[in-house]
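Values quoted throughout were computed directly from the atomic coordinates according to the rules given, and no laboratory measurement underlies them. Bear in mind the structure is a predicted one, so any value in this text is a computation, not a measurement. For neighbour counting, all protein chains shown are included, and Cβ atoms are generated from backbone atoms with ideal geometry for every residue, glycine included.
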Amino acid sequence: MQKNVGGLDEGIRITLGPLLVVLSIASLQGTVRLRPAVTAGAFAVGAVLTVTGLTQTCPANSAMGRNTYRPTEKLGEEARAVRQRALQ
């Protein structure tokens with residue numbers, strides 16, 4: 001599948017996804033009180049956001065014809081350096 005997630009879209013997915021997974025794990029441990037359906041939903045959505053953000057591919061984006069990915073060659077030198085540091 002072709003990459004179609006990038007920029008702000010990727011950043012939101014990589015940030016929000018793990019937060020939802022951690023929230024659902026905290027709920028399972030009893031640290032946070034959430035209904036079971038909310039816990040399961042938070043885990044599922046968080047896992048999907050994390051995976052789609054890390055792989056930079058999203059089937060829903062493909063289905064809607066949406067593409068926020070920009071190849072690294074189009075980024076400025078400073079943005080390329082920031083991206084490399086983040087991926088290390």
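Brief remarks on what is shown
- Sequence-separation-based contact order of the chain, relative, with Cα cut under 8 Å and 6+ spacing, percent: 43
- Result for the chain in a Gaussian network model with C-alpha springs under 10 Å: among L49, L23, L34, the largest mean-square fluctuation is at L34.
- Annotation: amide H-H contacts under 5 Å for T68 (H modelled 1.01 Å from N, sequence separation of 5 or more, or interchain): V5, G6.
- Kyte-Doolittle at least -1.0, axis length at least 30 Å by Cα - qualifying DSSP helices, the chain: 7-29
- Spin-label model, A86 to M64: label points 7 Å out along the Cα-to-beta-carbon direction sit 2.0 nm apart.
- Of the trypsin sites (Lys or Arg not before Pro) in segment 4-88, the ones in a loop by DSSP (not H, G, I, E or B) with at most 11 other beta carbons within 10 Å are R33.
- Debye intensity ratio in log₁₀ form over the Cα atoms of segment 7-87, taken at each q of 0.11, 0.19, 0.22 Å⁻¹: -0.39, -0.85, -0.98
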